[in-house]
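Bear in mind that the values in this text are calculations on the coordinates, not laboratory data. Keep in mind the model is a prediction, meaning the values are calculated, not measured. Cβ atoms come from the backbone with ideal geometry, glycine included; neighbour counts cover every protein chain shown.
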Amino acid sequence: MSDTAIAASQPWYRALNRAQWNTLVASHLGWLFDGYETYAVFLTVGVALRELLDSSQFAQIPVYAGTIVALTLLGWGVGGLIGGVLADYLGRKRTMMLAILAYSLVTGLSAFAWDWLSFALLRFLVGVAIGSEWVTGASIVSELWPDRVRGRGVALMQCGLGLGFFLASLIWAYVGGMGPNAWRYMFLLGVLPALLTLWVRRTIPESALWERVNDRRRAAVERKRSGAVLHEQEQALARFTLLDLFHEREPRRHALIAFMMSLATTFGFWGISTWVPQYVGAIAASTGLTAPTWAGFAGMAFNAGAVAGYVAFGFLADIWGRRPITMLYFLGALALVPVLFLGTQDLALLLFAAAALGWFATGQYSWMPAWLPELFPTHIRATAAGFVFNAPRFIACVGPLISGKLIATFGGYSQAALAIAAVYILGLGAAPFLPETRGKPLPA
């Protein structure tokens, strides 16, 4: 029996070596701490602004809070583009370490903000570092894990974000009562992930695929500097990665189609998901129950569904393919928005619907680490993934603003959510135009 047949006959997790598991753990933890840093802002920004603003400005706290969140997302987008390029030039492992170290240190510095502007600037820088980390994890797990289980690996990495949200909520439940400086303690704790870089340096390898391509890239650049005539492949290697992504027809086509799908995923998440707790809380309040309590229940249900959806996507996509499962998740999100916002006023059913929507609307993010690395060659893989995952954030950051305006216009959440949910049709329409890549080797 061949090695391939033996590997296929045993449980998938036994075919993995220690380096592959360590790489997943490092990437998962990096993304988990990203989730912590992101959600810590949502949890603490109101409390922080009450200390950082003059009392005469308290009425404008929602405006300042919205600005800080928007700047965090803007930094995330910028960092994702930069991180993708760096990962293609400096290596996956080194860029991951730099990103984790950067967001840990800048998060810690956020605890020492002296006014709202310094806080906003530091959160922008945290966003830059957070955006850089995802693309390195997605690339290195994809390049080290076996072809037939690659989707499971990146999905297990992706679920770290949802677990990070839970971690931040859990810590805030204890830290939040520690007085007016409690928000500063949350960000000081954010320094701890920096210790992860020591473990990463010792225990995970650099991607051998990237190392081989990097050697060829250096040789091509040297030949170009010497005045030699480069053949087509050498020209691609010597070209700046972001320019090369759009130079050839096939990578450009894949990037633009995937961009539309990513826009649907990201715009839908920020335009709908952020209102789920408030909607359920409002329904609870109309029946005489405590709105914040039920909003918290809805947030937990939604995030629990999201974590399950992240992981399930990878397993399903390894069995049935990237394209059909991605389309299923888009269709599920499109169908469940009216179920949640129009289907029932029963609170128990609303929590179930919130969990189901979290599964499809947030869990669908796993299509990106599962599918994107399989569409692009190694020398531009991280650049391409970084562009597709992060560039839509420059548009999607207006999602909460648009949905807020729609809520005010329609006089409630339901019609606004249905209007925003139409964006999932864009994802459904674009997905069939990408090639199916399940179980195939990564493009060289």
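Order the peptides 332-341, 186-195 from the highest to the lowest mean number of other Cβ atoms within 10 Å of their residues.
Values: 332-341: 21.3, 186-195: 19.3.
Averaged packing, sorted descending, gives the order 332-341, 186-195.
Rounded if a/c is under 1.5, else prolate if a/b is larger than b/c, else oblate: which is the range 239-437, with a ≥ b ≥ c the root eigenvalues of its Cα gyration tensor?
Numbers: a/c = 2.59, a/b = 1.93, b/c = 1.34.
Since a/c reaches 1.5 and a/b is larger than b/c, the shape of the range 239-437 is classed as prolate.
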Measuring from the longest principal axis of the C-alpha atoms of the chain, the long axis of helix 347-357 (C-alpha) lies at a number of degrees, nearest 10, equal to 20
Everything considered on the Cα gyration tensor (a ≥ b ≥ c; rounded for a/c under 1.5, else prolate if a/b is larger than b/c, else oblate), the range 17-206 must be described as prolate
Name the residues of the range 84-101 whose amide N is less than 16 Å from a point 7 angstrom out from the Cα of residue 201 along the C-beta direction? 93-101
Relative contact order (percent, whole number), the range 239-437, Cα cutoff 8 Å, 6+ residue spacing: 39
With everything on Cα atoms, drop me the angle between helix 276-286 and the longest principal axis of the chain, reported from 0 to 90° to the nearest 10. 20
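Counting only C-alpha contacts under 8 Å and six or more residues apart, can you give the relative contact order of the chain as a whole percent? Before the final figure, lay out each step's value.
On the way: 789 pairs, mean separation 104.5, N = 444.
The normalised contact order for the chain reaches 24 percent.
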Going by alpha carbons, how many degrees (0 to 90, nearest 10) lie between the helix axis of 160-175 and the longest principal axis of the chain? 40
I need the calculated FRET efficiency for the pair residue 335 and residue 285, taking r as the beta carbon distance and R₀ as 22 Å, to the nearest 0.05. 0.20
Would you mind putting 95-101, 347-353 in packing order, based on average other-beta-carbon counts within 10 Å, highest first? 95-101, 347-353
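What's the ranking of 25-36, 159-170, 207-218 by average number of surrounding C-beta atoms within 10 Å, highest first?
Values: 25-36: 24.2, 159-170: 21.9, 207-218: 16.8.
Sorting 25-36, 159-170, 207-218 by mean packing, highest first, produces 25-36, 159-170, 207-218.
For residue 211 and residue 248, calculate 0.36 nm times their separation in residues minus their Cα-Cα distance, and state this gained length in nm to one decimal.
Details: separation 37, 0.36 × 37 = 13.32 nm, distance 2.30 nm.
So the chain would gain 11.0 nm between residue 211 and residue 248.
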Please give, to one decimal in nm, the separation of the simple spin-label points placed at residue 192 and residue 174, each 7 Å out from Cα toward the Cβ. 0.8
Return the label of the correct value of semi-axes √(5λ) of the Cα gyration tensor in Å, as calculated from the structure shown, out of [x] 36, 26, 21; [y] 40, 28, 21; [z] 35, 29, 21. [x]
Roughly what would the spin-label model give for residue 17 and residue 293, points 7 Å off Cα along C-beta, in nm? 5.5
Would you calculate the separation in nanometres between label points at residue 117 and residue 94, each defined as 7 Å from the Cα along the Cα-to-beta-carbon direction? 3.7
